[in-house]
Amino acid sequence: MTEQAEFWKNRHLEHKLSYSCPNPTLFRMLSSDFTNYNDKNVLELGFGGNDGADLIEFNRRGANLCIGLDINEYYVDRLNSYARSHNLMNLQGFTCNVANIKELDSTLNSERKYDLIFSQGLLCYLDKASIKAMHMNLSKYLKESTIICHLTPEEDLILEESANQDKFMNLTSLLNSSRKESFWENNPADILETKQLIQILDECGMELFEQKISCESLDNRCERVRVYRYLKLRFK
Ligand SMILES: C[S@@+](CC[C@H](N)C(=O)[O-])C[C@H]1O[C@@H](n2cnc3c(N)ncnc32)[C@H](O)[C@@H]1O
């Protein structure tokens, strides 16, 4: 098992319970493909750290089936007990290391095809070979129209101290007054260059047809800004 998989296997992000919520940017991005989720089958890879909040939202919006896979059994149990206590038969989590193709295949049923497969903050914990193998293998679970959507952190920017005085900084001056610096201390995330990631996905027969960038300061003083990329893909 990789260092990244070990890191997540037994991790409990208790503190996150206070702010787990569905991601509006994800739903906004998908609104050009789905007018509703009735009869749709949705699969999230690595749902755990956000307590499956997006899967729960897809379920609330009428999806036929919402399946989440995560390496961490604790997150999976938590989602399943939520589903049981709210009587949500079509929301289900499974413990699975998605980088392990055998595990993936024994967890998913190849008779069942998905309309949407997505991940948020997962790919940075998988090496290139695993990203490739996982996507090659996912083709079994796709319909012709399936949308694949990945959110991945792209870079971290730290505001230069001299610029810190400007209380009303706009995005342009923020970008001009910052330098790249990674905020991933004590976390084994390995951020692939987006171009490289798109290249790998292209080699798996997937084409990028839409993308989005979002930035969020990780602190409440706009000093440490993380840039995220959303990639929307389909099979060629
Ligand atoms: C940074 S968290 C992101 C969680 C959530 N998707 C969100 O948006 O907040 C990464 C998630 O991926 C899961 N994960 C990491 N490596 C994995 C692997 N190889 N297989 C399955 N899940 C994995 C972790 O357990 C964790 O729940």
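Rule-based calculations on the coordinates, nothing more; no lab input. Everything numeric in this text was worked out from a predicted model, so none of it was measured. Cβ: placed from backbone, ideal geometry, glycine included. Neighbour counts: every protein chain shown.
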Handout entry: Cα-based Rg and Dmax for segment 1-102, where Dmax is the largest Cα-Cα distance (Å)
Key = 13.8, 40
Exercise for the section: Rank Ser173, Ser145, Ser130 by mean-square fluctuation in a GNM of the chain with C-alpha springs under 10 angstrom and give only the top-ranked residue. Expected result: Ser173
Exercise for the section: For the chain, just list the percent of Cα-Cα distances falling in each 10 Å bin from zero outward, please. Expected result: 7, 31, 36, 19, 6, 1
Handout entry: Helix-only mean residue ellipticity at 222 nm for the chain, each DSSP H run of n ≥ 4 adding -39500 (n - 2.57), per residue, nearest 500
Key = -8000 deg cm²/dmol
Practice task
Within the chain, what's the longest run with no chymotrypsin sites (Phe, Trp or Tyr not before Pro) in a DSSP loop and at most 10 other beta-carbon atoms within 10 Å? Give the range, please.
Solution key: 20-167
Practice task
Given the options Glu111, Glu181, Glu73, state which has the largest fluctuation in a GNM of the chain using a 10 Å cut-off (strictly under) for Cα springs.
Solution key: Glu111
Practice task
For Lys113 paired with Asp127, estimate the spin-label separation in nm (one decimal), with each label point 7 Å from Cα along the Cα-to-Cβ line.
Solution key: 3.4 nm
Completion exercise
Which of Lys40/Lys232; Lys9/Lys40; Lys40/Lys195; Lys128/Lys212; Lys9/Lys143; Lys40/Lys132 exceed 27 Å between C-alpha atoms? The answer is Lys9/Lys40; Lys40/Lys195; Lys9/Lys143
Practice task
In a Gaussian network model over the chain where Cα atoms closer than 10 Å are linked, find which of Asp39, Asp219, Asp70 has the largest mean-square fluctuation.
Solution key: Asp219
Problem - Helix 128-138 axis, angle to the chain major axis (alpha carbon atoms, nearest 10°) - result: 40 degrees
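Return a whole-number percent for the relative contact order of the chain, with Cα pairs under 8 Å and 6 or more residues apart as the contact set. Could you put the intermediate results ahead of the total?
Details: 400 pairs, mean separation 40.2, N = 236.
Reported as a whole number, the value is 17 percent.
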Exercise for the section: Return the whole-Å distance between the Cα centroid of segment 180-211 and the Cα centroid of segment 36-73. Expected result: 22 Å
Practice task
May I ask you to compute the full-extension gain from Asn10 to Glu181, defined as 0.36 nm times their residue separation minus their alpha-carbon distance, rounded to one decimal in nm?
Solution key: 58.8 nm
Exercise for the section: Equivalent ellipsoid semi-axes for segment 39-172, as square roots of 5 times the alpha carbon gyration tensor eigenvalues: give them largest first, rounded to whole Å. Expected result: 31, 19, 15
Handout entry: segment 1-83 - percent relative contact order, Cα under 8 Å, separation 6 or more
Key = 34 percent
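What do you get for Rg/Rh of segment 180-236 when both radii come from the Cα atoms and Rh is the Kirkwood radius?
1.07
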